[in-house]
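The values are calculated or read from the model by the stated rules, or taken from the named source; none is laboratory data. Owing to the predicted nature of the structure, the values given are computational and were not obtained by experimental measurement. Cβ: placed from backbone, ideal geometry, glycine included. Neighbour counts: every protein chain shown. These accessible areas exclude ligands, DNA and RNA; they are computed on the full protein's heavy atoms, side chains included. Shrake-Rupley method; radii C 1.70, N 1.55, O 1.52, S 1.80 Å.
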Amino acid sequence: MAKDRARPFSRKHRKYWITVTGGMLLIGLFNVAIGMCGYEPPRTPERIIPVLPPAWTPAPSTDGTIGLGEIPTAVIRAFANAYPRHVPSARRLLAGAATVYELTYTDAGKTTHVIYKPDGGVIGVR
């Protein structure tokens, strides 16, 4: 038997498309009614005021603190791979004849110090 390829809005299919369309409209009305009953007016939004660092660059400190731009790329890359969600503060330390970099970050109130060689190798974590 051949498939019925009649037009979708023909008399033969009218009993189906009228009930299907009516059912879809009824479901839509129920959705709108539920949405109107469950709607709460928006609260007064709380304004977020960002705290930005000052535009001026602070004077060089005497305690060995350096800017992130002064840290070697290998050290920054190693820190970013190990601690991807943290921004460090840095100090340059002299350990004997070699320079090492101490990167510090705070997570949940706990401060962690990571010491790196200039080539990005980790010396220690405390």
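Of the trypsin sites (Lys or Arg not before Pro) in the range 74-117, which ones lie in a loop per DSSP and count no more than 16 other C-beta atoms within 10 Å? Those that pass, being in a loop and sparsely packed, are ARG85. Sorting SER89, SER10 by accessible area puts them as SER89, SER10; the probe is 1.4 Å, largest comes first, and only protein heavy atoms count. Largest to smallest in accessible area, the residues LYS12, LYS117 fall in the order LYS12, LYS117 (1.4 Å probe, all protein chains included).
Provide the net charge surrounding ILE123, with neighbours chosen by a C-beta distance below 15 Å and charges set as Lys +1, Arg +1, Asp -1, Glu -1. Could the numbers behind the result be given before it?
On the way: positive: ARG91, ARG92, LYS117, ARG126; negative: GLU102, ASP119.
Residues close to ILE123 contribute a combined charge of +2.
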